[in-house]
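Q: Sharing a structure, written as structure tokens. Questions coming.
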Amino acid sequence: MQSFKYLSTLQIILRETTRPLAYFAIFCSFILLLSCNKLVDVDAPITSTNATLVYNNDATAIATLNSIYTKLSQQGIGSGITSISLFSGLSADELKVFDDVTDPNFLSFYQNSLTANISGNGDFWTNIYSSYIFQTNAIIEGLTSSRELTPTVKNQLMGEALFLRAFFYFYLVNLYGDVPLVLSTDYKVNSQLSRSKKTDVYNQITNDLKDAQSLLSDTYLDGTLLNKSEERISPNKWVATALLARVYLYNSDWNNAEIESSKIIENISLYDTVPLEEVFLINNKECIWQLQSVSSFVTNTSEAMLFMLPETGPNADPYKVYLSNNIVNSFEQGDKRFKLWTDSVVTNNVTYYFPTKYKIKDPETTPSERSVIFRLSEQYLIRSESRASLGNLSGSLSDINIIRNRAGLPSLSLSSKNEILESILHERQVELFTEWGHRWLDLKRLNLANHVLAPIKGNNWQTTDQLYPIPMNEIIKNTQLQGHQNPGY
């Protein structure tokens with residue numbers, strides 16, 4: 001088969017290559033080639049049983065996981081799953097599109113006018129299934145059959161793969177509702193899977209995360225997965241715990257959400273809040289998981305490249321978006337987050353606000369910032385919401401006030417559960433804005449999307465807009481999806 005040819009060539013090259021960086025780059029290119037195959041294609045993906053040779057060596061097995069992180073980084077905020085921060089911000093009430101923009105992807109999310117013909121940027125369904133879930137399933141299968149890897153390395157890799165699969169499914173189920181639950185690389189089976197109930201998908205996510213917790217290291221590891229590291233770029237046990245706490249929150253399992261978030265909050269040797277100016281810097285103690293830039297052009301973050309407006313303000317390209325008045329007006333007087341995490345420019349007597357959580361735009365600047373995927377403040381807000389829902393109002397206020405006090409705001413002394421929950425939602429809005437879709441997902445899980453978005457979006461808003469459409473090309477490939485498009489499309 002063709003893939004055997006690629007594998008044989010790879011092995012020859014690797015035998016002749018002694019420099020670690022070259023070794024890694026060559027192998028990642030090979031893995032990315034294999035991972036381009038569609039998970040739900042009718043045609044067989046380009047794979048080979050000889051690919052199991054990959055899992056007979058620690059270095060090559062590690063490279064399979066690294067290739068996923070590499071692709072996440074390379075996609076940046078403009079495409080793939082990492083663009084959730086951008087496109088869901090447009091779907092919600094965080095971002096606006098500049099008047100001169102004609103890009104249909106930006107406009108369809110902002111105007112809530114998506115159709116099933118969506119492709120490219122914003123097609124999270126195809127991107128996640130084809131690029132990521134296929135590869136994580138292949139890695140899990142390869143690791144399961146491997147007998148040659150160092151046990152600690154194998155456990156760490158398996159834990160990372162299970163975590164990643166849960167991470168990808170978390171976003172699929174929240175963006176699309178019921179989705180096919182694909183747990184193997186058997187294309188004949190996968191191409192005919194029907195949509196699994198959302199509860200079943202969440203059960204699989206939870207099981208994967210619990211297994212990941214038991215396998216992953218308590219500390220951050222270096223590239224060999226054998227030694228401790230200061231770099232917070234490789235998922236560990238606490239990264240899986242952070243997502244598990246969020247999953248429990250989303251499913252109203254308040255008790256377990258409090259338990260899991262507390263595990264991280266109480267691990268003060270590894271995690272703590274930091275001043276607002278340091279939250280998005282490399283390896284700060286608030287960060288639970290960061291994404292390292294591997295681009296030769298974007299040495300810091302793609303968020304800064306997209307969001308930070310020039311003095312001339314937004315334009316048709318590339319500075320297409322800016323903060324909505326809704327988020328700008330949500331900050332309380334004296335909130336330091338408004339001062340430190342936003343900025344503005346005035347053009348033609350119009351003031352445009354934009355996010356400045358990430359501030360380094362110069363592509364040649366020494367890396368000092370990294371894209372943050374999970375951080376400690378979310379865990380405080382998860383625990384605060386869980387405690388309030390359980391009736392522990394004083395404990396809930398204690399957690400929310402930690403976040404407020406850091407922002408220079410006075411402590412709350414509320415006595416009503418509903419008032420506290422409203423305050424938590426407000427804190428999530430101004431603390432987590434433009435980060436990984438938190439606002440969009442919060443409005444949906446709390447059944448507030450219609451209430452909040454209908455007045456803002458006007459006639460563009462329909463209740464069915466809360467779920468994105470399954471791409472038509474995916475429905476055509478899989479007969480089990482035909483007739484099961486999300487309502488409204």
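The values are calculated or read from the model by the stated rules, or taken from the named source; none is laboratory data. From a predicted model like this one, the values you see are computed outputs, not experimental measurements. All Cβ positions, glycine included, derive from the backbone under ideal geometry; neighbour counts span all protein chains shown. The accessibility values were calculated without ligands, DNA or RNA, using every heavy atom of the protein model including side chains. Shrake-Rupley method; radii C 1.70, N 1.55, O 1.52, S 1.80 Å.
Q: In region 253-290, which residue that is aliphatic (A, V, I, L, M) and under 30 Å from THR199 (Cβ atoms) is most open to solvent (accessible area, probe 1.4 Å)? Please lay out each step first, then the result.
A: First, the residues of region 253-290 that are aliphatic (A, V, I, L, M): 257, 259, 264-265, 268, 270, 274, 276, 279, 281-282, 288.
From what's left, under 30 Å from THR199 (Cβ atoms): 257, 259, 264-265, 288.
Numbers: ALA257: 0, ILE259: 75, ILE264: 0, ILE265: 12, ILE288: 0 Å².
Ranking the candidates gives ILE259 first.
Q: Can you find a residue that is open to solvent by less than 70 Å² (accessible area, probe 1.4 Å), under 30 Å from THR342 (Cβ atoms) and part of a loop (DSSP other than H, G, I, E, B) anywhere in region 473-484?
A: no
Q: Report yes if some residue within region 329-347 is of a type outside the set (Gly, Ala, Ser), within 17 Å of the chain's Cα centre (by Cα) and either surrounded by 22 or more Cβ atoms within 10 Å (Cβ to Cβ) or not in a loop (DSSP other than H, G, I, E, B) (or both); otherwise report no. Steps first, please.
A: Taking region 329-347 and keeping what is of a type outside the set (Gly, Ala, Ser), we get 329, 331-333, 335-343, 345-347.
Right, trim to within 17 Å of the chain's Cα centre (by Cα) and you get none.
No, there is no match, as no residue in region 329-347 is of a type outside the set (Gly, Ala, Ser), within 17 Å of the chain's Cα centre (by Cα) and either surrounded by 22 or more Cβ atoms within 10 Å (Cβ to Cβ) or not in a loop (DSSP other than H, G, I, E, B) (or both).
Q: Would you mind finding the one in SER108, SER67 that is among the small types (Gly, Ala, Ser), open to solvent by 10 Å² or more (accessible area, probe 1.4 Å) and touching a Leu at 6+ places or on another chain (Cβ under 7 Å)? Walk me through it before giving the result.
A: Numbers: SER67 fails: open to solvent by 10 Å² or more (accessible area, probe 1.4 Å).
Of SER108, SER67, the one residue that is among the small types (Gly, Ala, Ser), open to solvent by 10 Å² or more (accessible area, probe 1.4 Å) and touching a Leu at 6+ places or on another chain (Cβ under 7 Å) is SER108.
Q: Now for a separate question. Answer with yes or no whether ILE264 is among the hydrophobic types (A, V, I, L, M, F, W, C) and either over 30 Å from THR144 (Cβ atoms) or not in a loop (DSSP other than H, G, I, E, B) (or both). Give the steps one after another, and end with the answer.
A: Working: among the hydrophobic types (A, V, I, L, M, F, W, C): yes; either over 30 Å from THR144 (Cβ atoms) or not in a loop (DSSP other than H, G, I, E, B) (or both): yes.
Yes; evaluated as a whole, the condition is true for this residue.
Q: Right, next: Is it the case that ALA454 is open to solvent by 10 Å² or more (accessible area, probe 1.4 Å), at negative phi and of a type in the set (A, V, I, L, M, F, W, C)?
A: Details: open to solvent by 10 Å² or more (accessible area, probe 1.4 Å): yes; at negative phi: yes; of a type in the set (A, V, I, L, M, F, W, C): yes.
So ALA454 passes the test.
Q: Name every residue in region 216-238 that is outside any loop (DSSP other than H, G, I, E, B) and surrounded by 13 or more Cβ atoms within 10 Å (Cβ to Cβ), in order of residue number. Break it down into steps so the answer makes sense when it comes.
A: To start, the set of residues in region 216-238 that are outside any loop (DSSP other than H, G, I, E, B) comprises 221, 228, 237-238.
Matches in region 216-238: LEU221, LYS237, TRP238.
Q: Of the residues GLN156, GLN135, which is in contact with a Leu (Cβ under 6 Å, 6 or more places away or on another chain), farther than 26 Å from PRO355 by Cβ and open to solvent by less than 30 Å² (accessible area, probe 1.4 Å)? Reasoning before the result, please.
A: Details: GLN135 fails: in contact with a Leu (Cβ under 6 Å, 6 or more places away or on another chain).
Being in contact with a Leu (Cβ under 6 Å, 6 or more places away or on another chain), farther than 26 Å from PRO355 by Cβ and open to solvent by less than 30 Å² (accessible area, probe 1.4 Å) holds for just one of GLN156, GLN135, which is GLN156.
Q: Do you know which residues across region 413-449 are under 15 Å from SER398 (Cα atoms), open to solvent by 10 Å² or more (accessible area, probe 1.4 Å), at pLDDT 95 or above and not charged (D, E, K, R)?
A: Pass one, region 413-449, residues under 15 Å from SER398 (Cα atoms): 413-417, 419-421, 423-424, 427.
If we keep only those that are open to solvent by 10 Å² or more (accessible area, probe 1.4 Å) too, we end up with 413-417, 419, 421, 423.
If we keep only those that are at pLDDT 95 or above too, we end up with 413-414, 416-417, 419, 421, 423.
Within region 413-449, SER413, LEU414, SER416, LEU421, SER423 qualify.
Q: Oh, and also: Please indicate, with yes or no, whether at least one residue in region 303-315 is closer than 26 Å to LEU221 by Cα and at pLDDT below 95.
A: Scanning region 303-315, I find no residue that is closer than 26 Å to LEU221 by Cα and at pLDDT below 95, so the answer is no.
Q: How many residues does region 191-214 hold that are under 27 Å from ILE288 (Cβ atoms) and open to solvent by less than 50 Å² (accessible area, probe 1.4 Å)? Please lay out each step first, then the result.
A: As a first pass, look at region 191-214 and keep what is under 27 Å from ILE288 (Cβ atoms): 198-199, 201-214.
Cutting the leftovers down to open to solvent by less than 50 Å² (accessible area, probe 1.4 Å) gives us 201-202, 204-206, 208-209, 212-213.
Selection size over region 191-214: 9.
Q: If we scan region 421-439, do we find a residue that is acidic (Asp, Glu), part of a loop (DSSP other than H, G, I, E, B) and touching a helix residue (DSSP H, G or I) at 6+ places or on another chain (Cβ under 8 Å)? Can you show your working first?
A: Start the filter on region 421-439 by keeping residues that are acidic (Asp, Glu), which leaves 422, 427, 431, 435.
With part of a loop (DSSP other than H, G, I, E, B) added as a condition, the list becomes 435.
Going one step further and asking which of them are touching a helix residue (DSSP H, G or I) at 6+ places or on another chain (Cβ under 8 Å), we end up with 435.
Yes, the conditions are met somewhere in region 421-439.
Q: Further question on the same structure: Looking only at region 458-472, how many residues end up being in contact (Cβ under 8 Å) with a residue 60 or more places away in the chain and either buried (at least 19 other Cβ atoms within 10 Å of the Cβ) or assigned to a loop (DSSP other than H, G, I, E, B) (or both)? Steps first, answer last, please.
A: So the first thing to find is which residues in region 458-472 are in contact (Cβ under 8 Å) with a residue 60 or more places away in the chain, and the list is 460-462, 465, 467-472.
Filter again for either buried (at least 19 other Cβ atoms within 10 Å of the Cβ) or assigned to a loop (DSSP other than H, G, I, E, B) (or both), leaving 461-462, 465, 467-471.
Looking only at that region, the number is 8.
Q: So, in region 384-412, how many residues would count as being within 19 Å of VAL247 (Cα to Cα), charged (D, E, K, R) and open to solvent by 20 Å² or more (accessible area, probe 1.4 Å)?
A: The qualifying residues number 1.
Q: Hey, another quick one. Tally the residues that are open to solvent by 70 Å² or more (accessible area, probe 1.4 Å) and modelled with pLDDT under 95, restricting the search to region 349-362.
A: Total satisfying the criteria: 1.
Q: Still on this structure, I have one more. Among the residues of region 93-118, which ones are without any contact (Cβ under 8 Å) to a residue 40 or more places away in the chain and among the aliphatic types (A, V, I, L, M)?
A: LEU107
Q: Another question about this same structure. Out of curiosity, is LYS188 basic (Lys, Arg), more than 20 Å from LEU291 (Cβ to Cβ) and open to solvent by 50 Å² or more (accessible area, probe 1.4 Å)? Outline the logic, then answer.
A: Details: basic (Lys, Arg): yes; more than 20 Å from LEU291 (Cβ to Cβ): yes; open to solvent by 50 Å² or more (accessible area, probe 1.4 Å): yes.
Here the answer is yes, as LYS188 does meet what is asked.
Q: OK, next. If LEU149 meets every condition in (1) open to solvent by 10 Å² or more (accessible area, probe 1.4 Å); (2) farther than 21 Å from LYS444 by Cα; (3) touching a residue at least 40 places away in the same chain (Cβ under 8 Å); (4) part of a helix (DSSP H, G or I) apart from one, which number is that one?
A: Here LEU149 clears every test but (4).
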